[in-house]
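The values are calculated or read from the model by the stated rules, or taken from the named source; none is laboratory data. Everything numeric in this text was worked out from a predicted model, so none of it was measured. Cβ atoms come from the backbone with ideal geometry, glycine included; neighbour counts cover every protein chain shown.
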Ligand SMILES: C[S@@+](CC[C@H](N)C(=O)[O-])C[C@H]1O[C@@H](n2cnc3c(N)ncnc32)[C@H](O)[C@@H]1O
């Protein structure tokens with residue numbers, strides 16, 4: 001079973017994402033901001049990260065930059081999932097090392113389609 | 001709706017498009033045709049059916065037919081047919097058409113354009129190898145309304161997230177509010193035009209590759225066979241036919257055989273295995 005770290009400051013979003021991803025056979029870990037997410041990754045690298053952008057303490061982008069700098073045998077696949085729906089943000093995310101990008105609102109079809117594109121399913 | 005009306009409309013559909021409307025789909029009829037009734041300012045479904053019975057108005061008959069088609073499509077639909085294009089079909093053609101440097105591709109039921117645009121993106125990615133080549137993509141559909149959308153190449157946020165890699169969105173699309181329009185250059189690579197698969201296929205010329213995906217599924221066996229046999233005549237010996245995930249030639253037409261090891265891709269019979277031939281050379 002693959003693991004996915006769901007990072008979002010909204011409890012509702014985390015719950016919806018958890019439901020969808022559990023349905024796709026992922027084990028879920030949750031984090032409320034970038035800082036918590038980074039700590040989770042330092043404990044154990046997940047296979048995938050579903051990542052919000054705007055969060056208190058540490059943003060999704062700051063987290064991604066830190067994550068990519070961590071020495072790891074296997075860096076996780078990172079899929080942004082955010083309301084930042086413009087080209088400039090998307091480009092910035094890709095440059096920082098994001099593998100895919102979901103523009104909110106999302107549904108199970110979009111998550112499944114994106115996760116399968118990057119080879120997670 | 002009474003049985004007579006249902007039979008009349010399903011006959012009309014079958015004659016004009018090959019679509020087979022089964023009894024279980026009867027419920028679709030009213031919901032799909034109500035907007036047509038509104039557009040033509042009929043009082044309701046019954047008045048529309050009466051008008052269709054009475055008139056030879058081509059426009060009205062077309063609207064009714066188009067309303068009954070299913071237009072759903074995604075970029076990189078099912079992924080595999082496009083990975084195969086990139087990894088197997090294109091290398092084969094680059095090698096075997098090097099004297100003419102000409103490739104013709106047909107998207108035979110292109111709907112809102114995601115299928116031909118996916119091919120245009122893949123060809124764009126290979127543009128270094130294709131320098132000096134003449135590659136034509138013909139994209140056709142029965143529905144003129146859906147072709148208008150295809151030509152504009154404007155998609156919703158939802159549509160660009162089903163199957164399209166984000167790097168391609170960045171590279172090949174322009175954002176306009178919550179809509180995304182595909183690059184002018186890519187739009188220029190495709191020739192969109194209305195075409196009914198029930199008409200004489202030969203009129204379109206010959207093609208090295210035919211994508212005929214998720215349309216045969218709506219036809220009955222004799223219509224499927226006729227379309228497949230027609231397509232076989234439009235192909236060179238080493239041409240490729242790609243069908244949808246739920247479609248096959250097996251038991252329908254002997255004109256094509258499955259290319260060994262390549263699910264969903266068919267070649268002509270008899271024919272040497274193009275992949276083996278490619279490896280051998
Ligand atoms: C479900 S879409 C398939 C789109 C695309 N090929 C794909 O696989 O995503 C089916 C399309 O077939 C078209 N169609 C139905 N009957 C047709 C006919 N007789 N000739 C040409 N196109 C037809 C419909 O208008 C519709 O756009």
For segment A:44-53, give me each residue that is in contact with a strand residue (DSSP E or B) (Cβ under 7 Å, 6 or more places away or on another chain) and part of a loop (DSSP other than H, G, I, E, B). A:46, A:47, A:52, A:53
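Determine whether segment B:160-181 contains at least one residue that is away from the ligand (no atom under 15 Å from the Cβ), away from chain A (no Cβ under 14 Å) and under 30 Å from residue B:64 (Cβ atoms). Step through it out loud before you land on a result.
Of all residues in segment B:160-181, those away from the ligand (no atom under 15 Å from the Cβ) come to B:161, B:165-181.
From what is left, the residues that are away from chain A (no Cβ under 14 Å) are none.
No, every residue in segment B:160-181 fails to be away from the ligand (no atom under 15 Å from the Cβ), away from chain A (no Cβ under 14 Å) and under 30 Å from residue B:64 (Cβ atoms).
Give me the residue from segment B:94-112 that is more than 16 Å from the ligand (Cβ to nearest atom) and free of Cβ contacts under 8 Å to residues at least 60 places away in the same chain and, out of that set, surrounded by the fewest Cβ atoms within 10 Å (Cβ to Cβ). Step through it out loud before you land on a result.
First pass over segment B:94-112, keeping only residues more than 16 Å from the ligand (Cβ to nearest atom): B:94-104.
Adding the requirement that they be free of Cβ contacts under 8 Å to residues at least 60 places away in the same chain leaves B:94, B:98-102.
Details: B:94: 15, B:98: 9, B:99: 6, B:100: 9, B:101: 13, B:102: 12.
Looking at the filtered set, the residue picked out is B:99.
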For residues in segment B:197-208 being crowded, with 20+ Cβ neighbours inside 10 Å and under 11 Å from residue B:231 (Cβ atoms), which is nearest to the ligand (Cβ to nearest atom)? B:197
If you go through segment A:76-92 one residue at a time, how many are more than 7 Å from every other protein chain (Cβ to nearest Cβ) and without any contact (Cβ under 8 Å) to a residue 40 or more places away in the chain? 9
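Can you list the helices (runs of 4 or more DSSP H) found entirely within segment B:1-92 that contain at least 3 residues being more than 12 Å from the ligand (Cβ to nearest atom) and without any contact (Cβ under 8 Å) to a residue 12 or more places away in the chain?
On the way: elements: B:3-17, B:26-39, B:45-54, B:58-67, B:80-84.
Because the criterion is at least 3 residues that are more than 12 Å from the ligand (Cβ to nearest atom) and without any contact (Cβ under 8 Å) to a residue 12 or more places away in the chain, the helices (runs of 4 or more DSSP H) in segment B:1-92 that meet it are B:3-17, B:26-39, B:45-54.
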Boolean, residue A:44 is surrounded by fewer than 17 Cβ atoms within 10 Å (Cβ to Cβ) and more than 16 Å from residue A:78 (Cα to Cα): no
Checking B:83, B:69 in turn, the sole residue that is surrounded by fewer than 22 Cβ atoms within 10 Å (Cβ to Cβ) and within 14 Å of chain A (Cβ to nearest Cβ) turns out to be B:83
Unmet criterion (only one of (1) in contact (Cβ under 8 Å) with a residue 60 or more places away in the chain; (2) assigned to a strand (DSSP E or B)) for residue A:29: (1)
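Select, from A:13, A:49, the only residue that is under 19 Å from residue A:98 (Cα atoms) and touching a residue at least 24 places away in the same chain (Cβ under 8 Å).
The match here is A:49.
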Inside segment A:93-121, can you point out the residues that are more than 8 Å from chain B (Cβ to nearest Cβ), surrounded by 15 or more Cβ atoms within 10 Å (Cβ to Cβ) and part of a helix (DSSP H, G or I)? A:93, A:111, A:112, A:115
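Quick one: would you say residue B:211 is in the same structural domain as residue B:127 (by TED's automatic domain parsing), without any contact (Cβ under 8 Å) to a residue 40 or more places away in the chain and either part of a loop (DSSP other than H, G, I, E, B) or within 16 Å of the ligand (Cβ to nearest atom) (or both)?
Details: in the same structural domain as residue B:127 (by TED's automatic domain parsing): yes; without any contact (Cβ under 8 Å) to a residue 40 or more places away in the chain: no; either part of a loop (DSSP other than H, G, I, E, B) or within 16 Å of the ligand (Cβ to nearest atom) (or both): yes.
Considered against the rule, which asks whether it is in the same structural domain as residue B:127 (by TED's automatic domain parsing), without any contact (Cβ under 8 Å) to a residue 40 or more places away in the chain and either part of a loop (DSSP other than H, G, I, E, B) or within 16 Å of the ligand (Cβ to nearest atom) (or both), residue B:211 comes out as no.
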Candidate set: segment B:123-159, residues that are surrounded by fewer than 14 Cβ atoms within 10 Å (Cβ to Cβ) and farther than 30 Å from residue B:60 by Cβ; chosen: the one nearest to the chain's Cα centre (by Cα): B:134
